[in-house]
Structure formats: structure tokens, C-alpha cells
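The values are calculated or read from the model by the stated rules, or taken from the named source; none is laboratory data. These figures come from a predicted structure and were not determined experimentally. The protein model used for the area step is the full one, side chains on, heavy atoms only, and it has no ligands, DNA or RNA in it. Shrake-Rupley method; radii C 1.70, N 1.55, O 1.52, S 1.80 Å.
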Amino acid sequence: MTTPGYRDMPSEGWDPDAPVDFAEAEDFLRMCYADNRKLGSVEPRLAVVRAQIAATGTYVHTPDELAYGARVAWRNSSRCIGRLYWRSLVVLDRRRARTPEEIFALVVRHLCMAGGTAAANREPGAIRPVISIFPQAQPGRPYARIWNEQLIRYAGYRDVNGGVTGDPRAVTFTESMRDLGWRGKGDAFDVLPVAIETPAHGVRLFDLPERAVLEVPLAHPEFGWFAELGLRWHAVPAISNMRLTIGGVHYPLAPFNGWYMGTEIGARNLADPDRYNMVPVVARLMGLDTSKPNTLWRDRALVELNRAVLWSFERAGVKITDHHTESDRFLAHIRNEAKAGREVPADWTWIVPPMSGGATGVFHRYYHEADQRPNFYLDADARALALHGHRAHAQRAPVSPAVVAGPRPSIPTQAVPPAAPSRVVPSPTLRPACPVRH
């Protein structure tokens with residue numbers, strides 16, 4: 001394929017020094033005002049924007065333009081299967097925030113709202129899609145960003161023998177956070193600090209309070225021993241290092257979340273050999289014949305691992321979806337968009353679930369591959385920061401005190417090659433929820 005943004009073809013690079021392209025701004029604004037007749041005629045707005053770009057190299061979106069652009073960016077996200085609900089995205093305008101402390105406080109509020117505890121009429125676990133949009137990048141000037149790839153990720157600790165406790169993907173990032181002064185607990189599900197960088201303050205590390213990290217302990221509907229593994233996972237998957245682009249304006253700090261599809265946890269995070277690698281552990285405890293691959297022990301263990309994830313989240317009242325349901329919803333999204341006269345950009349390699357792909361409807365078709373804007377992009381330097389957690393000009397700073405939590409069980413240490421880059425519970429008790437906030 002040769003379409004930018006798909007598979008091995010990178011998207012067009014971003015030049016932070018370049019002024020906004022008025023043609024891209026005009027395309028977006030005409031689409032926005034055509035879809036939102038209440039905004040009136042677009043012509044006066046275009047004249048204002050043209051003048052702003054001429055004077056400053058950029059322009060400022062109105063709240064209506066910002067909200068519309070963020071929702072369309074989700075609609076255009078070719079690697080997301082959950083776009084049926086793109087209109088329901090809660091857009092939080094955080095463009096006035098400047099200091100790391102202000103940004104972090106708003107990140108915590110984001111997680112509380114997304115986790116279902118920021119309103120009196122919602123329960124913890126009623127996950128909703130949310131995006132928080134912080135100040136835009138100004139041409140030729142440094143900008144604020146979050147180094148972490150997700151607001152909530154688990155640390156990885158390598159021991160002297162090369163084994164890892166926690167997430168092997170996060171080993172290098174964890175080491176860098178420790179070099180910056182952070183001290184974790186050293187267990188298998190130790191939440192990493194949020195690294196926030198601003199032009200005036202360098203990088204600062206903040207530990208998320210427990211009220212912002214909704215977690216689900218994992219058990220199995222039939223296997224009592226499963227809970228004794230001490231596995232758990234957080235409920236809000238909030239991507240935090242992708243750049244939001246709307247009408248030529250770039251927002252490098254715009255964390256957003258939906259809710260989990262079970263296979264993201266059960267078939268990737270807990271299953272991949274270079275992550276928690278729990279498939280062989282589950283297979284052994286199931287008593288499966290692992291001597292040869294044609295016994296399909298991996299497949300059988302993988303199914304039970306995913307059953308455990310879905311059952312545990314449902315038992316705890318935390319929103320999650322399975323890959324069959326979400327595949328059907330995505331096809332419904334395609335039909336809805338066709339009625340609106342729009343094609344749906346999609347990357348087959350990401351839309352098809354990582355388990356039982358051929359048993360889902362999304363497997364059996366081709367997709368429109370196009371890089372449509374507004375959209376989200378992962379820049380090379382953002383990817384590197386998320387993996388390695390360091391930069392030559394990063395300033396060392398004091399770390400806020402670690403959140404105190406009770407002891408958590410840990411899974412067995414995994415053996416990981418030195419060159420790698422990078423909690424039974426009697427009831428589904430969740431981590432403490434955020435206080436009610438309107």
C-alpha cells in the first residue's frame with residue numbers, strides 16, 4: 001500500500017516551525033460550518049482566520065470548532081474500531097492550562113470523568129469517551145507534552161538475572177523515571193508517574209492518586225486458581241502522546257480515551273510474549289499439553305484468559321466490549337457513514353481483532369485507506385519518548401510523593417533478554433473512586 005499513514009507508509013511529517021496552511025484551515029472550516037448551520041456563514045470566519053495566520057502564523061479555534069474537530073478526528077482514526085460513537089466524545093477545552101501542576105490536575109479530572117465518577121448520576125465503571133485539549137503548538141516555539149504513551153501504564157523492573165517484574169514494554173521508561181528521581185513499589189502492577197514537560201518548567205513527574213486509577217482484579221468464572229495469579233488491569237485506556245491536528249492547527253497535548261475491547265487486555269497486554277506473557281502460565285495451570293503447537297494449547301489458554309477479562313469487568317460493573325460485538329458495531333458505523341455520503345478510512349491490520357479474526361465480520365472485507373483530517377498522529381519523537389523516557393535536554397526535577405497503597409500481589413518474574421527495549425481476591429472490589437464533581 002502507498003497511502004500515507006497506513007501500514008509501513010509513514011504519514012506526512014510535521015514541521016513545528018511551519019505556519020498553518022490556510023488551504024487546510026479553509027477545508028476544515030468549510031466542512032465544520034456546513035455541518036453546523038447554527039454557526040452561520042463561514043466567509044466572515046475565513047477572513048478572520050486568514051488575517052490571524054498572516055499576522056501570527058496560526059489561528060485560534062472557537063470552542064465549537066474545537067469540539068467538532070476533535071470528534072471528526074476520532075471519526076477519521078483509521079486504526080480505531082470503536083468509532084460508532086464518535087459524536088458522543090466529551091471534549092474538554094483545557095487551552096488555558098500552562099504549568100505542569102495545572103495540567104496534571106486536569107489530567108486527574110479527565111480520568112475521573114472518563115471512569116464514571118465525576119457526576120452524581122453515574123457509577124464508577126460507566127466509562128465514557130473523553131478528550132482533554134491543552135494549548136496548541138505555536139510555529140517555531142516549544143510546546144507542552146506528556147511523555148507517557150498512556151496516562152495509566154504499569155512499570156517494568158528488571159532484576160540482576162534479566163527477569164522482569166511488571167510490564168517488559170515499560171522497562172526502559174521505568175528506568176528513566178527512576179533516573180529522574182521517581183521511586184516505585186517494585187510490584188507487577190505499579191502505576192507509572194505521569195511525565196509532563198512544559199517550555200518553562202522542563203519535565204515534572206506526578207504520581208496519579210488512587211482515586212484516578214480505576215482497576216479491576218481479574219478472576220475466572222470457572223477456574224478458582226485464576227484469581228490467585230493476582231492479575232488486574234486498569235479500566236480507562238487514555239492515549240496521551242498523539243498529536244491532534246485540526247484545520248492545520250496542532251495540539252501535541254490532547255489525551256483521549258474510549259473504553260477497552262477485551263482482546264486489548266486479554267490477547268495483547270497480558271498475552272504477548274514481550275508483555276506479561278500469561279498464556280503459557282494459564283496453559284500450564286489448565287493442564288494442557290504444551291509439548292507441541294498442534295494441540296492448540298495457546299489458542300485454548302488465550303480464550304480462557306479473555307473470558308476472565310470480560311467476566312471480571314462485567315462482574316465489577318466496569319464498561320468493556322468484546323471483539324464480536326465491536327466488529328458488528330463497526331460495520332454499523334460504516335453503514336451510517338455511507339448514508340451520510342462518507343467513506344470510512346480503516347486499516348485492516350488494526351481493525352481486525354487479535355483473536356478469532358476470521359470469526360468476525362470486519363475480517364471479510366476491504367477498507368478505504370486514506371489519511372483524512374482532522375486526525376491523530378504519533379510523531380517519531382513522541383514514540384521515542386514513550387519507549388525510552390529520556391531526552392538530552394530533559395531537566396531533573398523533584399518527584400511528588402508516591403501514592404500510598406496497600407500491598408498488591410505480583411505475578412511470577414518473567415525472563416526477558418537483556419537487550420529487550422524496553423494481584424485470590426474475594427470480590428470485584430475496585431480501587432477507590434474519585435469524589436463526585438459536577
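For the chain, which whole percent of the accessible surface, found with a 1.4 angstrom probe, sits on carbon and sulfur atoms?
54
How big is the accessible area of THR56 in square angstrom, nearest 10, if you roll a 1.4 angstrom probe over the protein chains?
Approximately 90 Å² of THR56 is accessible to the 1.4 Å probe.
What figure, in Å² to the nearest 10, do you get for the accessible area of ASP93 with a 1.4 Å probe and non-protein molecules left out?
Counting only protein heavy atoms, the figure is 70 Å².
If DNA, RNA and ligands are ignored and the probe is 1.4 Å, what is the ranking of LEU253, LEU310 by accessible area, most exposed first?
LEU310, LEU253
Taking the solvent-accessible surface of protein heavy atoms with a 1.4 Å probe, what is the per residue accessible area of the chain in Å²?
44
For the full complex of protein chains and a 1.4 angstrom probe, list HIS61, HIS364 by accessible area with the highest value first.
Solvent-accessible surface, decreasing: HIS364, HIS61.
Keeping all protein chains in position, work out how much accessible area ASP35 exposes to a 1.4 Å probe, and write it in Å² to the nearest 10.
Probe radius 1.4 Å; accessible area of ASP35 about 80 Å².
Taking a cut-off of 23 Å between Cα atoms, list the lysines near LYS38, but don't count ones fewer than 8 places away on the same chain.
Reachable lysines: LYS339.
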